[in-house]
Amino acid sequence: MDVTFETPRGRRFVVEVWYFATVREMKEAVHRREGIPVASQRLFYDGRELDDARDTAHYSILQGSRVLLLLPDDNPSPVPATGPADVRVIVSAPALGRSVALDLRASDTVARLKELLQDRTDGALPEARTAVFFDKAEMEDGKTLSEYDPPVDGMEVSVVVRQPPAGGGNSVGARNNQQQRMAVKVKWGAKVVALEVGAMDAVRDLRREVERVAPHLRLPERDGGGGYGYFLVYKQNVMEEERTLRWHEVKNGDTIEIFNGSVTGGA
């Protein structure tokens with residue numbers, strides 16, 4: 001997709017980036033296109049500075065988006081305010097056994113608060129099932145924090161994680177609606193496929209999803225004993241079939257590799 005980069009001094013250019021490209025990869029693309037060293041770049045979108053480890057999907061950067069590029073010689077504070085003053089939100093989370101502090105804009109919605117909570121807790125407080133309460137009343141997703149008149153010294157809220165509905169399906173897609181979702185890349189030789197998966201999906205579920213959505217990868221067939229014909233490897237370690245992606249500490253934007261070999265399929 002084409003993303004427009006602009007500097008405070010009026011320099012503007014367009015760079016083609018992949019939808020799941022990390023911020024670091026975006027900076028590298030700018031370096032190739034304009035010769036600007038990666039270390040000299042600071043990128044901002046929607047009033048926030050972008051983290052090198054995050055990707056475009058995390059920041060909702062799409063085709064035609066405009067990203068602010070700050071260089072060392074530019075004004076150190078060029079990012080205009082995009083909403084009312086910042087709000088410190090202290091979240092009491094009994095499910096975690098601790099509190100979580102977040103800094104948001106008063107113009108941010110409750111849905112945005114839930115999204116940040118899910119991200120900060122690695123999915124322990126899933127956005128789709130978390131209810132947020134302020135002054136004993138549940139906050140509505142579509143309302144902004146400013147509509148709740150947050151105190152100047154900080155807004156204290158509590159959260160409850162609702163249980164998933166009984167009798168739900170056990171497919172990867174069904175579970176993804178009830179847990180943290182993330183984008184991962186699965187690499188087989190020179191071929192790469194991007195997937196959206198759930199942090200609590202098991203490795204065997206990831207296999208099924210890869211085989212379902214990417215038959216063009218032409219993965220090795222099962223061996224005569226029924227075992228898989230390939231390994232899934234993350235950070236140079238063979239992944240265990242019954243363990244979840246979260247157990248393997250897979251993060252949004254990470255790459256999982258496929259290698260030839262026989263792995264017992266299990267029950």
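The values are calculated or read from the model by the stated rules, or taken from the named source; none is laboratory data. What you see is a predicted model, and the numbers here were worked out from it, not measured in a lab. Note that each Cβ is placed from the backbone with ideal geometry, even for glycine, and that neighbours are counted across all protein chains shown.
Give just the number: which of (1) modelled with pLDDT of 85 or more; (2) surrounded by fewer than 19 Cβ atoms within 10 Å (Cβ to Cβ); (3) not aromatic (Phe, Trp, Tyr) does Val186 not satisfy?
(2)
Name the pairs whose Cβ atoms lie under 6 Å apart, with the first residue in the range 215-244 and at pLDDT below 85, the second in a strand (DSSP E or B) and charged (D, E, K, R), and 6 or more positions between them or separate chains?
Hits for this filter: Leu217/Lys191.
If a residue has to be under 21 Å from the mean Cα position of the chain (by Cα) and either farther than 17 Å from Val192 by Cβ or among the aromatic types (Phe, Trp, Tyr) (or both) to count, how many in the range 5-25 make the cut?
4
Tell me, which residue of the range 124-150 that is within 17 Å of the chain's Cα centre (by Cα) and part of a loop (DSSP other than H, G, I, E, B) is farthest from Val100 (Cα to Cα)?
Pro126
Please specify each residue of the range 44-68 satisfying the condition of being basic (Lys, Arg) and within 17 Å of Met182 (Cβ to Cβ).
Arg54
Return the residue satisfying two criteria in turn: it lies in the range 21-49 and is in contact with a helix residue (DSSP H, G or I) (Cβ under 6 Å, 6 or more places away or on another chain) and at pLDDT below 90, and of such residues it is surrounded by the fewest Cβ atoms within 10 Å (Cβ to Cβ).
Taking the candidates together, the pick is Tyr45.
So Glu28 clears everything in (1) in contact (Cβ under 8 Å) with a residue 24 or more places away in the chain; (2) at negative phi; (3) of a type outside the set (A, V, I, L, M, F, W, C) except one condition, right? Which one?
(1)
Considering only residues that are in contact with a helix residue (DSSP H, G or I) (Cβ under 8 Å, 6 or more places away or on another chain) and assigned to a loop (DSSP other than H, G, I, E, B), look in the range 87-123 and name the one that is farthest from Ser146 (Cα to Cα).
Applying the filter and picking the extreme gives Asp108.
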